[in-house]
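Trainee: Have a look at this one before I ask anything.
The values are calculated or read from the model by the stated rules, or taken from the named source; none is laboratory data. Small disclaimer: the values here were computed from a predicted structure and weren't measured. Virtual Cβ from ideal backbone geometry, glycine too; neighbours counted across all protein chains shown.
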Amino acid sequence: MTQTARPTQIEAWWDRWPDANIGVITGWVSALVVLDIDPRNGGDAGLAALEAEAQALPQTVTSVTGGGGRHLYFAHPTHLVPSRPLADGVDLKAEGGLVVAPPSRHRSGGTYHWPAGHGPDQHELAIFPEWLDRLSVTLDGPRGAGPPAPMARTAAERATFADLWSDLGVDLQPQEFMARCPLHDDHRPSLHIDPDGCRWFCFGCRRGGGIQALRQLVDPEGEPSLRWQPVVGDVSEAPTLAAELHVDVVGESFHQDELLALTGGRRTWSGAHRRVLATLEPDDGNPFDAQAVAVRIEDSPVGYLPRQAARIYRPIVEESIANAGVATCVAEIRGGWERAHGDLGRFGVIVTLPKPARNR
């Protein structure tokens, strides 16, 4: 589910299923991130171990589950967060996730409830802790199951979208809204605008689309976007590390603005495919991985080597820095497409690194 249900839709559901449990979609759509603690699978010990390595979680809205566990609710940050297991019995529910909320009934007969002082009307929703946010993209292990997360526009794209509407005399509001369409003689609000998704549609003149369609209306003589974008960029400077094995960079979801800028600031139908030179740097200040290796392109941070790869390549990176003063490798920026019906692709980065000595 990629959008919130309207009140009339919820009322219809309750009329049809008055005894149903309540499910809350987590992630961007609800602006909620939930930590699911299941003591039956070692959740209490798992959470204690995580807090011992970082810091204690803040008090926040909390529910007791019908199975005897806990759901800790946090305010969603401004970027996508993956749903995934963090430790035994500790699951992070964010993009593509769902939790059951009070007063639902568990199959065991237990009831979900808000403990005294921790209900949504009794306690403030805490901000999602930075150390948990960081852990969600650096921890080894599979990402949580579920449907693909809805792709969010970057801050730069939302700013461009607002500027384009401003040129047409429409001031954007923080959330979805209806306005009078400046593209035709509109006597009542018929223009729907989604400022977060950078989508719009007029029910009067039947025009709509995303940033590109809006840009063409504002500047019809402007350069049209390419439907297909070939591989661009040629690494003229020889990298210090050989290009032999492909490694996916993690944490790229935090750097979508930077990747958009690195690929020209515009999306295309086929997405980006740019070959560049990347710099690898040991990140000694990383509180979650003592062997962390950061990846930068043109002085912009774009993510990290996966934890397992960092353990292998950290000595190789340090050796390159000691011998050549820098550790560089060939990288490719891919993804970031924009297609019909709001189909957006997230930018990703692949670096090519030498085979470790043990594999030669």
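Trainee: Can you find a residue that is in a loop (DSSP other than H, G, I, E, B), among the charged types (D, E, K, R), within 25 Å of the chain's Cα centre (by Cα) and modelled with pLDDT of 55 or more anywhere in segment 127-150?
Mentor: no
Trainee: A follow-up question, please. Scan the strands (runs of 3 or more DSSP E) fully inside segment 300-354 and keep the ones with 1 or more residues being outside the structural domain of Cys198 (by TED's automatic domain parsing) and touching an Asp or Glu at 6+ places or on another chain (Cβ under 6 Å).
Mentor: Passing ranges, in order: 300-304, 347-353.
Trainee: Looking at segment 231-286 only, could you name the residues that are surrounded by fewer than 18 Cβ atoms within 10 Å (Cβ to Cβ), hydrophobic (A, V, I, L, M, F, W, C) and closer than 15 Å to Thr154 by Cα?
Mentor: Selection gives Ala261 alone.
Trainee: In addition: With respect to Arg339, determine if the residue is under 30 Å from Arg215 (Cβ atoms) and either surrounded by 21 or more Cβ atoms within 10 Å (Cβ to Cβ) or touching a Ser or Thr at 6+ places or on another chain (Cβ under 8 Å) (or both).
Mentor: In short, no.
Trainee: Has segment 55-63 got at least one residue that is in contact with an Asp or Glu (Cβ under 6 Å, 6 or more places away or on another chain), assigned by TED's automatic domain parsing to the domain that holds Glu130 and crowded, with 21+ Cβ neighbours inside 10 Å?
Mentor: Among the residues of segment 55-63, not one is in contact with an Asp or Glu (Cβ under 6 Å, 6 or more places away or on another chain), assigned by TED's automatic domain parsing to the domain that holds Glu130 and crowded, with 21+ Cβ neighbours inside 10 Å, which makes the answer no.
Trainee: So, one more: For Ala56, only one of the following conditions fails: (1) within 24 Å of the chain's Cα centre (by Cα); (2) in a loop (DSSP other than H, G, I, E, B). What is its number?
Mentor: If we test Ala56 against (1) within 24 Å of the chain's Cα centre (by Cα); (2) in a loop (DSSP other than H, G, I, E, B), just (1) comes out false.
Trainee: Let me ask something else. Scan segment 265-274 and give yes if some residue there is assigned to a strand (DSSP E or B), over 19 Å from Pro82 (Cβ atoms) and of a type in the set (S, T, N, Q), otherwise no.
Mentor: no
Trainee: Something else now. Search segment 59-80 for residues that are more than 16 Å from Gly97 (Cβ to Cβ) and pair each with any residue that is in a strand (DSSP E or B) and aliphatic (A, V, I, L, M) when their beta-carbon atoms are under 8 Å apart and the residues are at least 6 apart or on different chains.
Mentor: What qualifies is Gln59/Ala126; Thr60/Leu72; Thr60/Ala126; Val61/Leu72; Val61/Ala126; Thr62/Leu72; Gly66/Val100.
Trainee: From Gly222, Gly285, grab the single residue that is in a loop (DSSP other than H, G, I, E, B) and at pLDDT 85 or above.
Mentor: The conditions single out Gly285.
Trainee: For segment 159-172, which positions are surrounded by 12 or more Cβ atoms within 10 Å (Cβ to Cβ) and either outside any helix (DSSP H, G or I) or of a type in the set (Lys, Arg) (or both)?
Mentor: Listed by number, the residues that qualify are Leu168, Val170, Leu172.
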